[in-house]
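Heads up: the structure comes next, in structure tokens.
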Amino acid sequence: ETEKAEKTEETEKAEKAEETEETETTKEQDDEVDKVVKEVEKVGKAHDFKSGIYFGKHVPLKVIGACSILTLITYGWFACGFAGFFDKKDGYSAFQAEKFTVAWYYWTAAFLLWIAMPLIMLIMAKDATCEGGPPTAGYVLYGFFLTAHIALMIIAVNKSPLKVAFCDCSKDFFLWGPILVFFLILDHMDMATDALFVGSAAACTDRISWQYQSSWEAVPLVGGELAFTIRELNFSGLVLFCFISFVYIPQITGIAPFFALVTTALLAVGMYLTLHWGSLAGLIVLVVALGIYALLGWFSKQWAVWKQWCVNDEVSVALYCGFGVFEQALTEGQANERLIFVTMTRLVFENLLQLWLQTSFFSLTFDFTDSGARAKNVLSMIISLLVAASKIPGLFKELRHGAGWAKLTSGFNCGAFMAWALILVVVFYAIVLVWIGVRLIMTYWCESHMWGLTTGCVAP
């Protein structure tokens, strides 16, 4: 009994020692985290990471200001177009007197989809927490937007003279009514979850910005500049700027691929100069860019492009409003051409860019977010992956029947160039999608939750 008592006492002492050691280790880790957070906050103050009126968290005011100005310019462009400044024949009255009358349910759906929902979701995102993710109230409010969207679509289908039906399964699989409804809901949710993601990034930015910055420092040649940009933007500022400049503005304006590349490149240069030399430099770039656009007549040209692709007839209006079931009214050639038109804005800028940021965020925040927040993040990424993957069959169809495989060997001409460009886009798009999917899976597999193509699982 004495021996048993001694053994029990020794066991208890060993357990207490282990508990004490674990407690001290945890305390050291907590002190290390607190130290890092304080250093990040100190760096944040040095780089003007003031709490903005927008989120009340560390989103640089220069990013908030830039995104607000760009959004107002976009709305101003629409106002000028509807007023007839770009073409006096194309004022608001033209939408009521040309090939057809744009009915109230289309105007309402377009307003809710492109103005009300994204802005309200961004406002709701301010209540996100790092541990819990976007607020539940944001998803509840989004439910009302989705319900209104579906109701307006039902009205549009019932009043349309076109042969469009929710239950039509007589065409190709991706043109079945139920399939189109499924993907239009995913498209609608994609924009909302991208907006709510900004709030999650803002809530966690103090904990992950330094890690995200250090991960870019190892990139050859441009690592230093990339790390500087991340440090100045902060992760939350990067997410907000990418959402407004690469997702929201290109899609609401129906911008053509060439204009999309030029415009987003100028916006990125303007922000880069703002980070290096202050807001005045960025403002000068913006004024110069606006002047060039005006002199070249690009504002009016883009207005003509928007009218052609977004409001030319009832089908284009319905698709601009997010009523994907109207794809049944397109011929195969029209559907493929439309897919190519939105390749840059929808597929590359929204799907790939947002997925890349979200998977990085998911890996970096895995250890200090709860199961609910992780589920919200995974749901958002799965939605984007499904939407992105659904576009690949259409791209291959365009290669086979539009630009065509034959043009790939037809010598140096415009058709061959477009065919090669398209096949490179398709291959790149598919590879990046697979890469992102693997990153998402390896987040659960790797102990550190970080995985790279060349590094494998990063050491914890």
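Put SER170, SER215 in order of accessible area, highest first, and with a 1.4 Å probe you get SER170, SER215. Extension gain, TRP445 to CYS169, is 95.3 nm, computed as 0.36 nm per intervening residue step minus the present C-alpha separation. For PHE78 and PHE258, the difference between the fully extended length at 0.36 nm per residue and the C-alpha to C-alpha distance is 62.8 nm. Computed over segment 140-194, the percent of Cα pairs more than 18 Å apart is 40. Amide H contacts for GLY133 (H built 1.01 Å from N in the peptide plane; partners 5 or more residues away or on another chain; cut-off under 5 Å): none found.
Each residue was assigned an accessible area with a 1.4 Å probe, and for ARG207 the value is about 90 Å².
Among the listed pairs LYS301/LYS376; LYS301/LYS391; LYS126/LYS159, a Cα-Cα separation exceeding 32 Å is found for LYS301/LYS376; LYS126/LYS159. With R₀ set to 22 Å, the beta-carbon distance separating ALA151 from LEU119 gives a calculated FRET efficiency near 0.60.
Largest accessible area first, the listed residues THR443, THR108, THR136 line up as THR136, THR108, THR443 when surface is computed with a 1.4 Å probe on the assembled protein chains. Take CYS310: with every protein chain present and a 1.4 Å probe, its accessible area is about 10 Å².
The values are calculated or read from the model by the stated rules, or taken from the named source; none is laboratory data. This structure is a prediction, so every number in the text was calculated from the model and none was measured. So basically every Cβ, Gly included, is an ideal-geometry build from the backbone, and we count neighbours across all protein chains shown. Side chains are part of the model used for accessible areas, which takes the heavy atoms of the whole protein and leaves out ligands, DNA and RNA. Shrake-Rupley method; radii C 1.70, N 1.55, O 1.52, S 1.80 Å.
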